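> This structure is in structure tokens; I'll ask about it shortly.
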Amino acid sequence: MHDIRAIRETPDAFDAALARRGLDPLSPAILALDEARRACIARAEAALAERNAASKDVGAAKARGDEAEFERLRALVAEKKEEIARLEDEAKEKDAALRDLLAGIPNLPYADVPDGADEADNVEINRWGTPRAFDFKPKEHFDIAGVSRDLDFGTAAKLSGSRFVVMQGAVARLHRALAQFMLDIHTLENGLTEVNGPVLVRDETMFGTGQLPKFGEDSYQTTNGWWLIPTSEVTLTNIVAGEILDEAELPRRFTAHSLCFRSEAGSAGRDTAGMLRQHQFEKVEMVSITHPDHSDDEQKRMLRCAEGILERLGIPYRTVVLCTGDMGFGARRTYDIEAWLPGQDTYREISSVSTCGDFQARRMNARFRPAGGGKPEFLHTLNGSGLAVGRCLIAVLENGQQADGSVLLPQALHPYMGGKTRITPEGHLD
């Protein structure tokens with residue numbers, strides 16, 4: 001959500017920032033609606049003052065026996081009462097229209113975000129690890145002999161349709177181990193507080209992080225009105241919705257392992273093979289609630305938390321900063337981490353780490369009380385995948401595959417796998 005006062009003060013800067021996202025100027029429409037709303041409020045206040053003055057004079061006219069003046073003033077009071085009600089209704093309608101307009105406008109990119117139209121214009125800023133040189137043609141995860149029988153897309157299609165998977169045996173255990181490994185690193189070493197929250201949330205919760213009203217088609221809603229979360233960013237960020245925190249409480253850092261649900265509206269035909277893009281998946285999410293002065297450093301910290309998971313697993317990756325045309329709706333700056341997938345011979349996104357500034361905090365009315373006193377200020381919120389569990393599973397399987405169809409497991413996961421170090425060509429743990 002945008003600050004209407006900032007738009008009033010610097011409309012040209014607001015439109016220039018929107019232009020970097022490929023949008024036409026919006027400040028004229030916003031300011032016209034804002035001016036009409038404020039005019040209604042001013043007229044209602046003037047009418048109220050007239051009604052109050054007339055109300056005082058009614059009694060005086062009655063006392064001195066001036067019936068004509070008494071009737072005129074009484075009629076004026078009734079007229080002003082109706083006028084005030086009408087103007088207040090108009091102001092409410094215009095206020096709602098202004099709020100709806102502002103709620104549908106994406107966040108403004110920071111000055112250091114590169115300009116661009118799409119992912120082709122993203123800028124690589126870091127690369128770690130060297131992709132392994134295979135002496136055979138590496139396969140995609142679903143074609144590896146020791147894995148294929150435990151990734152059952154046919155049964156999932158029978159149960160639920162396309163873009164679902166039933167994981168069994170060694171693969172299911174490896175998937176669970178990855179999530180536990182990530183949570184342990186984030187809670188024991190990275191200082192995040194583990195949260196186990198609901199995956200069904202209210203409209204206002206989805207609105208707070210920007211999924212509503214514009215992107216409802218990207219999520220699933222139950223018949224009684226709850227929404228299935230597309231990411232636990234929704235749950236974790238809204239922990240502070242409507243709150244005023246003391247500055248001393250900041251930063252607050254959360255992590256959660258949860259189911260996530262996305263309709264993937266508009267992605268027909270993209271990444272349909274295997275489990276790269278699913279309607280139901282699991283993710284370990286990170287969310288930070290910070291003082292505005294510290295949010296840039298916090299984003300860098302969160303990025304290192306996510307990159308560190310891949311480094312411990314020995315997965316080569318690259319980090320890119322997204323251009324203005326590829327950033328998400330609520331972000332002011334986003335770093336994507338892309339893991340190397342030898343089966344596809346390319347890097348694929350496995351984490352996005354975004355700073356939202358006060359954009360989400362305004363939608364949630366989440367503030368903090370400065371230590372030195374003064375009015376409460378809006379918080380800054382950040383979120384990032386730490387990591388997407390299914391995509392991390394793909395990376396581990398593809399990077400660890402052997403010519404005989406077995407998979408060597410990263411050493412960091414051995415304690416989580418009961419000391420087992422590989423998946424055999426027959427799909428057993430060994």
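The values are calculated or read from the model by the stated rules, or taken from the named source; none is laboratory data. The structure displayed is predicted, hence computed values, not measured ones. Counting neighbours? That spans all protein chains shown, and the Cβs are built from the backbone with ideal geometry, glycine included. In case anyone asks, the SASA skips ligands and DNA or RNA and just uses the protein heavy atoms, side chains included. Shrake-Rupley method; radii C 1.70, N 1.55, O 1.52, S 1.80 Å.
> Quick check on region 102-114. Is at least one of its residues outside any loop (DSSP other than H, G, I, E, B), out of contact with any strand residue (DSSP E or B) (no Cβ under 9 Å at 6 or more places or on another chain) and either of a type in the set (Lys, Arg) or open to solvent by less than 60 Å² (accessible area, probe 1.4 Å) (or both)?
Our first condition is that a residue be outside any loop (DSSP other than H, G, I, E, B); within region 102-114, this holds for 102-103.
With the extra rule that they be out of contact with any strand residue (DSSP E or B) (no Cβ under 9 Å at 6 or more places or on another chain), the set shrinks to 102-103.
Filter again for either of a type in the set (Lys, Arg) or open to solvent by less than 60 Å² (accessible area, probe 1.4 Å) (or both), leaving 102-103.
There is at least one residue in region 102-114 that is outside any loop (DSSP other than H, G, I, E, B), out of contact with any strand residue (DSSP E or B) (no Cβ under 9 Å at 6 or more places or on another chain) and either of a type in the set (Lys, Arg) or open to solvent by less than 60 Å² (accessible area, probe 1.4 Å) (or both).
> If I ask for residues that are in a loop (DSSP other than H, G, I, E, B), open to solvent by 20 Å² or more (accessible area, probe 1.4 Å) and out of contact with any Ser or Thr (no Cβ under 9 Å at 6 or more places or on another chain), which ones from region 318-333 would you list?
Of the residues in region 318-333, the ones in a loop (DSSP other than H, G, I, E, B) are 322-332.
This time we only want the ones that are open to solvent by 20 Å² or more (accessible area, probe 1.4 Å), so: 325-326, 328-329, 332.
Those that are in a loop (DSSP other than H, G, I, E, B), open to solvent by 20 Å² or more (accessible area, probe 1.4 Å) and out of contact with any Ser or Thr (no Cβ under 9 Å at 6 or more places or on another chain): 325, 329.
> Among residues belonging to region 167-225 that are among the hydroxyl-bearing types (Ser, Thr, Tyr) and over 19 Å from residue 100 (Cα atoms), point out the one that is nearest to the chain's Cα centre (by Cα). Give the derivation first.
Step one: filter region 167-225 for residues among the hydroxyl-bearing types (Ser, Thr, Tyr), giving 187, 193, 205, 209, 219-220, 222-223.
Add one more test, that the residue is over 19 Å from residue 100 (Cα atoms), and what stays is 187, 193, 219-220, 222-223.
On the way: 187: 21, 193: 19, 219: 13, 220: 16, 222: 20, 223: 24 Å.
Going through the qualifying residues, I end up with 219.
> Quick test of your reading of the structure: residue 22 fulfils all but one of (1) of a type outside the set (Lys, Arg); (2) out of contact with any helix residue (DSSP H, G or I) (no Cβ under 9 Å at 6 or more places or on another chain); (3) open to solvent by less than 60 Å² (accessible area, probe 1.4 Å); (4) touching a residue at least 60 places away in the same chain (Cβ under 8 Å). Name the failing condition by number.
(3)
> Looking at residue 63, is it more than 30 Å from residue 327 (Cβ to Cβ), among the small types (Gly, Ala, Ser) and open to solvent by less than 40 Å² (accessible area, probe 1.4 Å)?
On the way: more than 30 Å from residue 327 (Cβ to Cβ): yes; among the small types (Gly, Ala, Ser): yes; open to solvent by less than 40 Å² (accessible area, probe 1.4 Å): no.
In short, no.
> Here are some residues: 231, 187. Which one is surrounded by fewer than 16 Cβ atoms within 10 Å (Cβ to Cβ), touching a residue at least 12 places away in the same chain (Cβ under 8 Å) and closer than 21 Å to residue 310 by Cα?
Details: 231 fails: surrounded by fewer than 16 Cβ atoms within 10 Å (Cβ to Cβ).
Every option except 187 fails the conditions.
> Something else about it: Collect the residues in region 288-317 that are of a type in the set (Val, Ile, Thr) and either under 30 Å from residue 166 (Cβ atoms) or surrounded by fewer than 21 Cβ atoms within 10 Å (Cβ to Cβ) (or both), keeping them in residue-number order. Steps first, please.
At the first step, the residues of region 288-317 found to be of a type in the set (Val, Ile, Thr) are 289-290, 309, 315.
Within region 288-317, 309, 315 qualify.
> Can you tell me which condition residue 47 does not meet? The list is (1) surrounded by 13 or more Cβ atoms within 10 Å (Cβ to Cβ); (2) free of Cβ contacts under 8 Å to residues at least 24 places away in the same chain; (3) assigned to a helix (DSSP H, G or I), and all the others hold.
Answer for residue 47: the failing condition is (2).
> If I filter region 134-165 down to residues being under 15 Å from residue 394 (Cβ atoms) and under 28 Å from the mean Cα position of the chain (by Cα), which single residue comes out as surrounded by the most Cβ atoms within 10 Å (Cβ to Cβ)?
Step one: list which residues in region 134-165 are under 15 Å from residue 394 (Cβ atoms), which gives 138-144, 146-148, 150-151, 153, 163, 165.
Then drop every residue that is not under 28 Å from the mean Cα position of the chain (by Cα), which leaves 163, 165.
Details: 163: 21, 165: 23.
Among those that are under 15 Å from residue 394 (Cβ atoms) and under 28 Å from the mean Cα position of the chain (by Cα), it is 165.
> Is at least one residue of region 166-178 in a loop (DSSP other than H, G, I, E, B), in contact with a Phe, Trp or Tyr (Cβ under 6 Å, 6 or more places away or on another chain), open to solvent by less than 70 Å² (accessible area, probe 1.4 Å) and modelled with pLDDT of 95 or more? Working first, answer last.
The first filter runs over region 166-178 and keeps only residues in a loop (DSSP other than H, G, I, E, B), leaving 168.
Restricting the remaining residues to those that are in contact with a Phe, Trp or Tyr (Cβ under 6 Å, 6 or more places away or on another chain) gives none.
For region 166-178, residues in a loop (DSSP other than H, G, I, E, B), in contact with a Phe, Trp or Tyr (Cβ under 6 Å, 6 or more places away or on another chain), open to solvent by less than 70 Å² (accessible area, probe 1.4 Å) and modelled with pLDDT of 95 or more: absent.
> Give me the residue from region 212-228 that is touching a strand residue (DSSP E or B) at 6+ places or on another chain (Cβ under 9 Å) and not in a helix (DSSP H, G or I) and, out of that set, surrounded by the fewest Cβ atoms within 10 Å (Cβ to Cβ). So that I can check it myself, show each step before the final result.
To start, the set of residues in region 212-228 that are touching a strand residue (DSSP E or B) at 6+ places or on another chain (Cβ under 9 Å) comprises 212, 216, 219-222, 226-228.
Next, only the ones that are not in a helix (DSSP H, G or I) stay: 212, 219-222, 226-228.
On the way: 212: 18, 219: 21, 220: 16, 221: 16, 222: 9, 226: 17, 227: 21, 228: 20.
Filtering first and then ranking leaves 222.
> From the residues in region 363-376 that are touching a strand residue (DSSP E or B) at 6+ places or on another chain (Cβ under 6 Å) and surrounded by fewer than 20 Cβ atoms within 10 Å (Cβ to Cβ), which one is nearest to residue 246 (Cα to Cα)?
Of region 363-376, the ones touching a strand residue (DSSP E or B) at 6+ places or on another chain (Cβ under 6 Å) are 367-369, 376.
Checking the rest, the ones that are also surrounded by fewer than 20 Cβ atoms within 10 Å (Cβ to Cβ) come to 367, 369, 376.
Values: 367: 9, 369: 5, 376: 9 Å.
Checking each candidate, the answer is 369.
> Here's a check for you: in region 281-315, which residue that is among the aliphatic types (A, V, I, L, M), under 23 Å from residue 368 (Cβ atoms) and part of a strand (DSSP E or B) is farthest from the chain's Cα centre (by Cα)? Give the derivation first.
As a first pass, look at region 281-315 and keep what is among the aliphatic types (A, V, I, L, M): 284, 286-287, 289, 302-303, 306, 309-310, 313, 315.
Still in the running and under 23 Å from residue 368 (Cβ atoms): 286-287, 289, 302.
Filter once more, keeping what is part of a strand (DSSP E or B): 286-287, 289.
Details: 286: 11, 287: 10, 289: 13 Å.
Once the filter is applied, the top-ranked residue is 289.
> So if I check each of 90, 124, which one is assigned to a helix (DSSP H, G or I) and of a type in the set (D, E, K, R)?
Values: 124 fails: assigned to a helix (DSSP H, G or I).
On inspection, the qualifying residue turns out to be 90.
> Please go through region 334-375 and give me each residue that is small (Gly, Ala, Ser) and not in a strand (DSSP E or B), ordered by number. Let's see the steps before the verdict.
To start, the set of residues in region 334-375 that are small (Gly, Ala, Ser) comprises 339, 343, 351-352, 354, 357, 361, 366, 371-374.
If the condition is that a residue be small (Gly, Ala, Ser) and not in a strand (DSSP E or B), then 343, 357, 361, 366, 371, 372, 373, 374 are the ones that fit.
> Let me ask something additional. Looking at region 60-67, is at least one residue out of contact with any Asp or Glu (no Cβ under 6 Å at 6 or more places or on another chain) and touching a residue at least 12 places away in the same chain (Cβ under 8 Å)? Can you show your working first?
Residues of region 60-67 out of contact with any Asp or Glu (no Cβ under 6 Å at 6 or more places or on another chain): 60, 62-67.
If we keep only those that are touching a residue at least 12 places away in the same chain (Cβ under 8 Å) as well, we get none.
Checked region 60-67: no residue is out of contact with any Asp or Glu (no Cβ under 6 Å at 6 or more places or on another chain) and touching a residue at least 12 places away in the same chain (Cβ under 8 Å).
> Which numbered condition in (1) more than 21 Å from residue 254 (Cα to Cα); (2) touching an Asp or Glu at 6+ places or on another chain (Cβ under 7 Å) is the only one that residue 311 fails?
Residue 311 satisfies every listed condition except (2).
> Restricting the search to region 404-419, which residues are in a loop (DSSP other than H, G, I, E, B), touching a residue at least 12 places away in the same chain (Cβ under 8 Å) and open to solvent by 30 Å² or more (accessible area, probe 1.4 Å)? Quick ask: steps written out before the conclusion?
The initial filter retains those residues of region 404-419 that are in a loop (DSSP other than H, G, I, E, B), namely 404-406, 409-410, 418-419.
Narrowing the set further to residues that are touching a residue at least 12 places away in the same chain (Cβ under 8 Å) leaves 404-406, 409-410.
The one that is in a loop (DSSP other than H, G, I, E, B), touching a residue at least 12 places away in the same chain (Cβ under 8 Å) and open to solvent by 30 Å² or more (accessible area, probe 1.4 Å): 404.
> Looking at region 12-38 only, could you name the residues that are under 30 Å from residue 86 (Cβ atoms), part of a helix (DSSP H, G or I) and not charged (D, E, K, R)? I'd like the intermediate steps shown before the answer.
Step one: list which residues in region 12-38 are under 30 Å from residue 86 (Cβ atoms), which gives 26-38.
Now drop any that are not part of a helix (DSSP H, G or I), which leaves 27-38.
Listed by number, the residues that qualify are 27, 28, 29, 30, 31, 32, 33, 36.
> Which residue out of 247, 264 is closer than 16 Å to residue 380 by Cβ, open to solvent by 10 Å² or more (accessible area, probe 1.4 Å) and of a type in the set (Asp, Glu)? Steps first, please.
Values: 264 fails: closer than 16 Å to residue 380 by Cβ.
It is 247.
> Quickly run through region 190-211 and pick out the residues that are without any contact (Cβ under 8 Å) to a residue 60 or more places away in the chain and buried (at least 19 other Cβ atoms within 10 Å of the Cβ). Step through it out loud before you land on a result.
At the first step, the residues of region 190-211 found to be without any contact (Cβ under 8 Å) to a residue 60 or more places away in the chain are 198, 200-206, 211.
201, 205, 206, 211 - these are the residues of region 190-211 that are without any contact (Cβ under 8 Å) to a residue 60 or more places away in the chain and buried (at least 19 other Cβ atoms within 10 Å of the Cβ).
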